[in-house]
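Working notes, beginning with the structure itself.
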Amino acid sequence: MQFVAAPARLSTVSASFEADFAARLHWSAEQDAAIEERVAAILADVQARGDAAVLDCTQRFDGLQAASMAALELSPEELKAAYDGLPDEQRHVLTAAAARVRSYHEAQKKACGESWSYRDEDGTLLGQKVTPLDRVGIYVPGGKAAYPSSVLMNAIPAHVAGVPEIIMVVPTPRGEKNPLVLAAAHVAGVTRAFTIGGAQAVAALAYGTATIARVDKVTGPGNAYVASAKKRVFGQVGIDMIAGPSEILVLADGTTPADWVAMDLFSQAEHDELAQSILLCPDAAYIEAVQAAIDRLLPQMPRAEIIARSLTGRGALIHTRSMEEACEISNRIAPEHLEISSTDPHRWEPLLRHAGAIFLGAYTSESLGDYCAGPNHVLPTSGTARFSSPLGVYDFQKRSSLIEVSEQGAQVLGRIASVLAHGEGLQGHARAAEMRLKP
């Protein structure tokens, strides 16, 4: 079957650009009402019946029957056996990717994840104490595809942060376990792992059961049921984010081979039909070359149907007046993945304020960031890069303020606090400060 990918062709000089641009960006994050209702029932069931509900859901949704949760737990020996049993090439690249991800997050911890303090001239100590979370749960998608890279990206920063217990849940429909996922859990330092998924797995992590201890935070991507469950348990536990469809935006000056850019657009479009791939470029002839490359390369792709639907439904090739204007439009989109496919990417990078991850230069394909470059591939989507950040060590830590006021400092701070507290009508606050003042 021949598939046609027809991304929208927009131009910033067109009178209808703003309306056409807004229509192409629109995506509703509203969950289907039936999904919301079903998820609410699953969460309530797990909260009430614990392990029994998880076992029932696992049999019903994954076709995996087990007499107890112990039968669904993957032992450390099984994870190591999966690692040892990998073909040499797979074992090598998995270890190499994990080492790069670990190295990046160790540098991140040094930069922003250490405690600090200082003393004022009067001897008052002020600071911040950074401590890891006690226990986190990581959700790894399973079923249609397996994602060992998600194991690395979620578990390694938690491990580097110092989290002592990392619980992985991964659905294994009909009991089909992926050796790479299990091996990745061994490499990344997962403490316990269970072959459960869906809303019931999120509920087990958030509420705790007789077998699974309640975690402090749940991270990792999943389907609409998982996203809905994470949204509902937020407040009981922390979550990383509610992820929308994957996105890539390519800023091109026309110097990168058109085939490379076309394939970069494919790399996100192949995720699902709602994924978004956009090209911004001031060279009209180059945009034509990229469209020609799309037409030529698409029939070679195993996921051609998904790519065609994604590019036709949500993709866009946008002709801009200049690279500067392209940067302005990129900031409005705030994409998950942003490639600067240019001979001088460092010229344009300072103009870009909002993006989950920025890939500099023609040789930096987004796919390298997904697997092995080092920075985290769990990124904000749907424009939330305007105020959100990639998953990192800091997501698995919490910060406590440190305050130690000296006798001398209490004389200064006490008077300030007293006046402000009286102004707020909180006399107890004022008196507490005043009692420490010298007559």
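Once you sort the root eigenvalues of the Cα gyration tensor of the chain as a ≥ b ≥ c, which label holds: rounded (a/c under 1.5), prolate (a/b larger than b/c) or oblate (the other case)? Because a/c hits 1.5 or more and a/b fails to exceed b/c, the chain counts as oblate.
Peptide packing: for 231-244, 64-77, the average count of neighbouring Cβ atoms within 10 Å per residue gives the ranking 231-244, 64-77, highest mean first.
If you place +1 on the Cβ of every Lys and Arg and -1 on the Cβ of every Asp and Glu, how big does the dipole about the Cα centre of the chain come out, in debye to the nearest 20?
1060
Based on the mean of other Cβ atoms within 10 Å per residue, sort peptides 135-142, 223-230, 56-63 so the most packed one is first.
Values: 135-142: 25.8, 223-230: 21.9, 56-63: 17.2.
Going from most to least packed, we get 135-142, 223-230, 56-63.
Here's the list of aspartates and glutamates a cross-link from residue 109 could span, going by alpha-carbon distance under 19 Å and ignoring same-chain residues fewer than 8 apart: 134, 165, 240, 395. Charged neighbours of residue 308, selected by a Cβ distance under 12 Å, balance to -1 (K, R count +1; D, E count -1). For the chain, adding -39500 (n - 2.57) for each run of n ≥ 4 DSSP H residues and dividing by the number of residues yields -14000 deg cm²/dmol at 222 nm.
Using the Cβ-Cβ distance between residue 84 and residue 112 with R0 = 41 Å, the FRET efficiency computed as 1/(1 + (r/R0)^6) comes to roughly 0.70.
Rounded to whole numbers, the Karplus 3J(HN,Hα) couplings from phi for segment 169-181 are 10, 8, x, 10, x, 6, x, 7, 9, 8, x, 5, 5 Hz, using 6.51 cos²θ - 1.76 cosθ + 1.60 with θ = phi - 60°, and x at Gly and Pro. Apply the a/c threshold of 1.5 to the C-alpha gyration tensor of segment 33-239 and tell me whether it is rounded, prolate or oblate. Because a/c hits 1.5 or more and a/b fails to exceed b/c, segment 33-239 counts as oblate. The local environment of residue 276, defined by Cβ-Cβ distances under 11 Å, has a net charge of -2 under the rule Lys, Arg +1 and Asp, Glu -1. Look at where the Cα atoms of segment 207-231 and of segment 118-160 average out, and the two centres are 16 Å apart. The order of the peptides 390-399, 40-49, 295-304 by mean Cβ neighbours within 10 Å, most packed first, is 390-399, 40-49, 295-304. The Cβ shell under 13 Å around residue 430 holds other residues with a net charge of +1, Lys and Arg each +1, Asp and Glu each -1. Between the amide H of residue 402 and those of 127, 128, 129, distances stay under 5 Å, these residues lying 5 or more places away or on another chain, with hydrogens modeled in the peptide plane. Amide H contacts under 5 Å for residue 247: 276, 336, 337, restricted to partners 5 or more places along the chain or on a different chain, H placed in the peptide plane at 1.01 Å from N.
Please go through the residue pairs 129/438; 177/230; 110/398 and name each one whose alpha carbons sit more than 19 Å apart in this structure. Before the final figure, lay out each step's value.
Working: 129/438 31 Å; 177/230 24 Å; 110/398 15 Å.
From 129/438; 177/230; 110/398, over 19 Å: 129/438; 177/230.
Quick note: the coordinates plus some simple rules give every number you see, no bench work behind them. Since the model is a prediction, treat every value here as computed from it, not as a measurement. Glycine also receives a Cβ, built like all others from the backbone with ideal geometry; neighbour counts cover every protein chain displayed.
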